[in-house]
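Where a number appears in this text, it was derived from the coordinates with a stated rule and is not lab data. As the structure is a prediction and not an experimental result, all values here were calculated from the model. Reconstructed Cβ throughout: ideal geometry from the backbone, glycine too, with neighbour counts over all protein chains shown.
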Amino acid sequence: MHIAFTSLRHTMAAALLALTALHMQAQGPWKMNLTCPEEKITLRMDLYDESITVPRMEMFGPMNGYLGGDIYGVWTITSFEIKDNREATLRVSNDLGSETQRITLTQQTDSTWLMRFEGRNVVKRVNGKKLVKIPSSFLMRKDVK
């Protein structure tokens, strides 16, 4: 009887630790909204769960996030790699699925991240009647709503 009780206690403790780890992960650094007021660009992301509805793409259901704002179209997060609590790499695709872009996010301070477009930057915005590239890197600030 004592052995069974001890085993049950260890099983319950392990389950509690697993639930705590899942809760901490859901509250981790890669679930947030970032904005760049100067460029008028936003990044909504949850790299722990597909929980974000992408504007104009509701029919696809929740995703890990998107890049939007003063850019041409909406760019959805299609894959990602979390290096650690301070750096992650995202792969985003435009709303047509015709172009992809790799982005590295690196935390600079508690409230700022450097967004860097890797390789040839294909994310553009409309300027007059032309599509022009946005800067290849800029600072994003954590939205504290």
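With no solvent and one point on each alpha carbon, what is the Debye value of log10 I(q)/I(0) for segment 29-142 at q = 0.11, 0.12, 0.13, 0.18 Å⁻¹? So the normalised log intensities are -0.31, -0.38, -0.44, -0.88. For Arg56 and Thr89, the FRET efficiency from 1/(1 + (r/R0)^6), where r spans their Cβ atoms and R0 equals 35 Å, is about 0.90. Using 7 Å Cα-to-Cβ label points, what is the Lys124/Thr100 separation (nm, one decimal)? My value for the distance between the label points is 2.1 nm. For the residue pairs Lys40/Lys124; Lys40/Lys142; Lys83/Lys142; Lys40/Lys130; Lys31/Lys83, alpha carbon separations are all held to 24 Å or less.
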